[in-house]
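Here's the structure we're looking at; comments come further down.
Rule-based calculations on the coordinates, nothing more; no lab input. The model shown is predicted, which means the values in this text are computed figures rather than measured ones. Cβ placement follows ideal geometry from the backbone for every residue including glycine, while neighbour counts extend to all protein chains displayed.
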Amino acid sequence: MKKKIIFNSILTLCIIGLTYACYTSIWSEIEFDKEKEMREKAVIASLLNIKDAEELYKRSNKGDYCGTIDSLVDWVANGRALDKIIKEGELTDEQLESGLTEEEAVQKGIIKRDTVWVAPMDILNITNADSLKIIPVGREGGVFQLRKKQTYNLKQEQFELLLEVRASMDDYLDGLDAKKIKTLKAELKKRSKNRGDLMEELPDHTEGTWYGLRIGDLEDANNKLAGNWD
């Protein structure tokens, strides 16, 4: 009888222990996913801010992009952005048919075009330009990677500028459960079949397999600064 009581007590403790272990495991998974989602939302918001800054730079600099994150930050802090063009006068059909361009008409004083410039920070509605380059969560000192390149579009028969901005998963998930991050990467690698996923195998293989969030694509001229989370 005594042995039976001891055995039942041990069995009860084992059941309680297993129940607690299962509960802890499930809760830990929920908390990881919750924190991961929160961090990804913060990174995506920052990537979209960089996208806005690059599009404003492009509009203000004859279709060019800023090539580094530091040069973009400097322009936002100290440069000038195109706000609007005030137009006075229009070319007549006769002038257009004669081949007169708007630029020539402005030079000749036939029409007027005044450009209004403002501080980029005013248009972007930010108070700290340096914050653009800092990944807002995870590893301290983590920064966004920004690259651009020129390519020739055979179909359009013209050169195009491509831009890509990245945030590494190793940076923005830093501090979370390393084992869960490793499992997440394994799952992404297993189901990833193209560059649109959160994981990609870089063409030059210089960086190996990369995991993270990004806008733009140096290998896809049709990307138009779309995010890989879309």
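So the values come out like this:
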| item | result |
| --- | --- |
| Those aspartates and glutamates that a straight Cα-Cα span of less than 14 Å connects to LYS189, excepting residues fewer than 8 apart in one chain | ASP197, GLU200, GLU201 |
| Neighbour-count order for ILE85, ILE181, fewest beta carbons within 10 angstrom listed first | ILE85, ILE181 |
| Net charge, ILE86 excluded, C-beta distance under 12 Å - Lys, Arg +1, Asp, Glu -1 | +1 |
| Reach of LYS155 by Cα under 30 Å, taken over lysines that are not fewer than 8 positions away in the same chain | LYS51, LYS58, LYS62, LYS193, LYS224 |
